[in-house]
1. In segment B:92-111, how many residues are touching a Ser or Thr at 6+ places or on another chain (Cβ under 6 Å) and either of a type in the set (Phe, Trp, Tyr) or over 21 Å from residue A:189 (Cα atoms) (or both)?
2. So which residues in segment B:90-120 are at the interface with chain A (Cβ under 10 Å from one of its Cβ atoms) and surrounded by fewer than 20 Cβ atoms within 10 Å (Cβ to Cβ)?
3. Inside segment A:238-276, can you point out the residues that are among the β-branched types (Val, Ile, Thr) and out of contact with any Pro (no Cβ under 9 Å at 6 or more places or on another chain)?
4. What residue, among those in segment A:185-200 that are more than 10 Å from chain B (Cβ to nearest Cβ) and out of contact with any Ser or Thr (no Cβ under 9 Å at 6 or more places or on another chain), is surrounded by the most Cβ atoms within 10 Å (Cβ to Cβ)?
5. Please verify whether residue B:82 is out of contact with any helix residue (DSSP H, G or I) (no Cβ under 7 Å at 6 or more places or on another chain), charged (D, E, K, R), within 13 Å of another protein chain (Cβ to nearest Cβ) and in a loop (DSSP other than H, G, I, E, B), treating the condition exactly as stated.
6. If you check residue B:137 against the conditions, is it assigned by TED's automatic domain parsing to the domain that holds residue B:50 and closer than 20 Å to residue B:260 by Cα?
7. Of all the strands (runs of 3 or more DSSP E) wholly in segment A:260-349, which have at least 1 residues that are under 15 Å from the mean Cα position of the chain (by Cα)?
8. Can you report the number of residues in segment A:214-240 which are within 14 Å of chain B (Cβ to nearest Cβ) and modelled with pLDDT of 95 or more?
Amino acid sequence: MKQRGVFIIGLILISVYYFLFPRGSGKELILTPDSLTSLEPTESATGLSPGRTLAISSGNRAGFVNDNHEFINLYTSDRMAIDDLWIAVSGDDGLDLLEPDGRLIARIPDSSFPVSRNGNLYLYRNDAGVLSKIDPVSGRIMWRMEYISPVTVLDGRQGRTLIGLLDGRVQLIDDSREVLLDYRPGGSRVEAIYGGALSSDGSKIALITGLDPQRFILLEERKNGFRPVAHHNTSTDFRRSVSICFVRDDSQILYESDGYVTAVNLNGYEIQPMELSGRLIGWLDNVITETLMLLGRKDGEVMVKMLSRHDLTLFEHSLPIDTTGMLRDRNYAIIISNDNLGVLEFTVQ
Amino acid sequence: MTVSRRISFMIIPLILFSTDAGAREWPDESSIVQEPFGAAQGDHFSRGLSFRSEGQRISAWSNGEVIWIAETENPPGTVPGEGLVVLEHSDGFRSSYRGIERRPDLKDRVSGGEWLGYAGNNAWVFEITDVERSRIVDPISLLPTRKDMSSVSIGQVEMMRGSNRLNISDGMELKPGRWIVIINDVFSDNSRAIPVEISLFWVGERIGSLRFDAIAETDEGIVMEIPDPRSYEFIYNSNGQVLFRDVLLNTGKGTLELRMRDETGRVITSSWSLSVR
């Protein structure tokens, strides 16, 4: 009996050791520069292109690249929003909604700012507090909301739109304009919403709210509506938009902290810091299975960092200071700067 | 405790509070308002005072705390903001400075009159929100009075019924029934004081009043509180002219009088003798 007990304890200890300190698989991550494309309109950057397109946006330029990461269209405007299936370009006469090949889908008589979120198209007019959702297939206005407070957060998933307001309110609206949630977190001396994200299934809402203290709040949809399931003080004091996102198949939330990123694991709501230099300006899930890439900007430096499933740093590298974001395309990571697209290919050998 | 000590206990907090609230100042040195609060702006109400941008310095209306900064260039993932700075003040107000390029060394707490940034490329807009009442209020009522402004002028007034539209004049004959009174150029002259209330009287009785002092949010959209909530479409027509709808004129003779009160409290009146038959 005693021997059996020792054996079971030994087995447990070996299992714990195995999971804590996994063996090297012998596989190595290979990172290969694939191409560098200038963000300039060229003769080849026009016309129809069959097949898949990928939307690229940087500053006042946006366009589509083909499978070989060559531009098939490039637009320049201060008011644009782009998705893989459409681009919305706003002008004095209104908004042109175009297909990737440049064909007009619809012309909307509204010169508001177009905003793209996960395939959803919104128009926001900040001087009038008017936010509209547009069907990008037809150009039809799906709904229109008016607010007296500036909109500080906008996210859309699964027919739901998350709206955060500077007056401290959060709303979740569905495509029929029904308000599913009208929530005011409170709990801070200054009420405001500084960051917010919807999970990919639209059932969880992560928020950064208020000042003194600034707080993280997670809401989850239950049978009787959304309920706060986790919250904590963030020890931050941001007075601007704060990056927050769901990653790793919605199992983790990342948000920007002072000089690092805080990760909240949804399984148990455990909090852990991740080192990252400066402001979180981009993130990519699964360029290689179960990896996470983070982009941080601090003063005169932009850093990219790739983390393993266990948050071990696989690589870290500085990028040009004018880097604005990154995109995943199959097993490529596309680094976007004001002037160029740098395409990196990842393979495991 | 002596009486003087008791008094000082009562007075000191008052002094501290008033110091914290700070003197209220015009945020734009010129004080020349291009478009006032409540004016027709496209298809919606102007929510604040709009100033011409000439690269001038923009300063804090009162002592406050910076609670929001949106840069002119919007980082990916943020909501477009066109250069916005918002201050929270201790007296329940928030002031917004939209369309400005903020100074890079802006601190979290600012004093009234301290500069926040420069006017950007287009007109910049100053708004004040009453946080406790969830209203955007007319900043002109909370700024030092511009005593040197000449009084408002009443523009052309028209009477409309169906397709029948007439310029109003003294001694005019009108048919009895419901009319729409149209007032032109209410907010067009920025060299004059800003109108804050327009009232219409018929035979000495007030039959309509428009007070441009607060904008609120309702389920149906944004409304001007007059004090009854009225939508933009109720107050303005598609040309941005101010309307008094449903003005009932019964048979007889009477005086139609229009009174306009401006930011300084002065009231200007125009009246017309009308014959209704």
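The values are calculated or read from the model by the stated rules, or taken from the named source; none is laboratory data. On a predicted model such as this, the values are computed, not experimentally measured, just so you know. Neighbour counts run over all protein chains shown; Cβ positions are idealised from the backbone, glycine included.
1. 1
2. B:106, B:108 - these are the residues of segment B:90-120 that are at the interface with chain A (Cβ under 10 Å from one of its Cβ atoms) and surrounded by fewer than 20 Cβ atoms within 10 Å (Cβ to Cβ).
3. Of everything in segment A:238-276, those that are among the β-branched types (Val, Ile, Thr) and out of contact with any Pro (no Cβ under 9 Å at 6 or more places or on another chain) turn out to be A:242, A:244, A:247, A:253, A:264, A:271.
4. Applying the filter and picking the extreme gives A:199.
5. yes
6. Working: assigned by TED's automatic domain parsing to the domain that holds residue B:50: yes; closer than 20 Å to residue B:260 by Cα: yes.
Yes: the conditions hold for residue B:137.
7. Strands (runs of 3 or more DSSP E) meeting the threshold: A:260-265, A:279-285, A:292-298, A:323-329, A:332-337.
8. Qualifying residue count for the region: 5.
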